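What follows is a set of notes on a single structure, which appears directly below.
The values are calculated or read from the model by the stated rules, or taken from the named source; none is laboratory data. Remember, predicted model here, so these are calculated numbers, not experimental data. Virtual Cβ from ideal backbone geometry, glycine too; neighbours counted across all protein chains shown. The area values use the complete protein model at the heavy-atom level, side chains included, leaving out ligands, DNA and RNA. Shrake-Rupley method; radii C 1.70, N 1.55, O 1.52, S 1.80 Å.
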Amino acid sequence: MTDMKKIVPFYYSINGNVEEDKILLEPIKYSLQSSDAHPYKRITSIFNYWLKLSPDKFQQIDEIMQMVFNVCIIFDDIQDEAIMRIGFPVTHSVYGLYYSINAANYLELIAYQKLINLHPMAVKIVIEQFMEYFKGQGMDFYWKENFICPTEKDYHSLALRKSAWIIELVVKLMKLFSTYEEDVLSLASTLGLYRQIHDDYCNLRHDEDTNENSYCDDLTEGKMSFLIIHALKNNPDDKKLINILKQRSKNIEVKRYCVKILESYGSFKYAKDVLDELDKKMRTEIDRLGGNPTFVKFLDELKNKMLKTRI
């Protein structure tokens with residue numbers, strides 16, 4: 001679990017009242033429990049293998065990245081009407097909707113305070129990347145609410161906005177202080193696409209530790225995930241899937257039936273094949289750049305997680 005004594009003070013505003021900030025950011029302190037185990041927390045270290053920032057700049061960017069990420073976690077859970085996140089009840093179910101939203105908004109503004117002092121270009125970079133994130137979120141909601149099945153190409157664009165934005169954000173901020181000349185941004189984009197498809201795949205698989213409330217919750221959200229898109233596009237006459245999505249069902253047996261349909265349509269195999277190709281592409285690029293054992297270990301862990309999940 002995160003050491004609150006070390007990390008929380010950085011979240012306080014530059015000129016604010018510390019005791020007041022403790023109250024205003026109480027939901028953030030709670031959300032750190034669930035975000036601490038998220039793979040994105042390691043992105044800064046992974047790319048620093050090449051970019052080699054000074055310790056002080058690395059710490060500043062890493063902490064700002066964690067702030068931005070925690071803001072998105074809270075909004076994400078609210079928008080998805082989530083119940084659990086990595087074994088913890090979501091923040092707004094503990095602290096309430098309005099308190100949680102206010103804390104997230106306040107933390108975002110504190111992050112901008114830190115960015116102004118980091119580099120003249122830092123705020124511009126974060127605004128641009130945040131806009132990509134919100135565009136991705138918006139299109140995802142539009143497809144869900146209107147039961148529109150996008151093309152795989154459109155899904156790729158959305159995945160880059162929803163998952164790659166924060167990886168690209170970290171790389172762009174780090175590049176402000178690095179003399180490394182090779183392009184690692186394309187690798188960051190590929191990793192973002194991989195992560196989104198990987199998340200979609202793992203959400204529809206489960207292991208023995210899966211909580212009943214979180215079992216295939218993408219189906220309860222009505223999400224147009226990578227596997228759903230593959231199944232719908234290749235079986236347009238079968239209306240069962242789209243009707244199940246419209247129900248926003250929480251019934252575990254209905255969701256199990258939907259998973260069996262996806263399995264019969266080869267959607268899991270297709271997603272795994274695409275993930276294997278993206279994995280191979282990233283490892284080839286890593287080799288071209290001279291290797292990165294931290295990155296390779298990260299990819300190995302993601303691959304092992306996918307292999308361990310089952311229906």
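Mean separation of Cα pairs under 8 Å and 6+ residues apart, divided by the residue count of segment 187-311: what relative contact order is that in percent?
On the way: 100 pairs, mean separation 45.5, N = 125.
About 36 percent, as a whole number.
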Revision key, fill the gap. Put C149, C216 in order of accessible area, largest first, probe 1.4 Å, and you get C149, C216
Exercise for review: Give me the accessible area of T91, 1.4 Å probe, in Å² rounded to the nearest 10.
Suggested key: 10
Check your understanding: Rg and Dmax of segment 59-199, Cα atoms, in Å?
Key -> 16.0, 47
Exercise for review: Could you look at segment 140-272 and say what percent of its accessible area is carbon and sulfur, using a 1.4 Å probe and all protein chains?
Suggested key: 46
Check your understanding: Which chymotrypsin sites (Phe, Trp or Tyr not before Pro) in segment 161-253 pass both tests, a DSSP loop state and at most 16 other beta-carbon atoms within 10 Å?
Key -> Y180
Check your understanding: Tell me, how many Å apart are the Cα centres for segment 137-179 and for segment 229-283?
Key -> 20
Review point. Just by accessible area at a 1.4 angstrom probe, what is the order of I244, I148 from largest to smallest?
Key: I148, I244
Check your understanding: Using only the Cα atoms of the chain, what do you get for the radius of gyration and for Dmax, in Å?
Key -> 19.8, 61
**Study point:** Amide hydrogen neighbours beyond the local backbone of R85, cut-off 5 Å, H modeled
**Key:** V90
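Taking loop as defined by DSSP and a crowding limit of 12 other beta carbons within 10 Å, which GluC sites (Glu not before Pro) in segment 130-166 fit? Let's see the in-between values first.
Values: sites: E132, E145, E152; in loops: none.
Counting only loop positions with at most 12 other Cβ atoms within 10 Å, none of the GluC sites (Glu not before Pro) in segment 130-166 qualifies.
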Practice item. Can you pull the one-decimal nm distance between simple spin-label points at I86 and K233, each 7 Å off the Cα toward Cβ? Key: 3.1
Exercise for review: Apply the Debye scattering formula to segment 184-311, with a single equal point scatterer on each alpha-carbon and no solvent, then give log10 I(q)/I(0) at q = 0.10, 0.15, 0.16 Å⁻¹.
Suggested key: -0.36, -0.73, -0.80
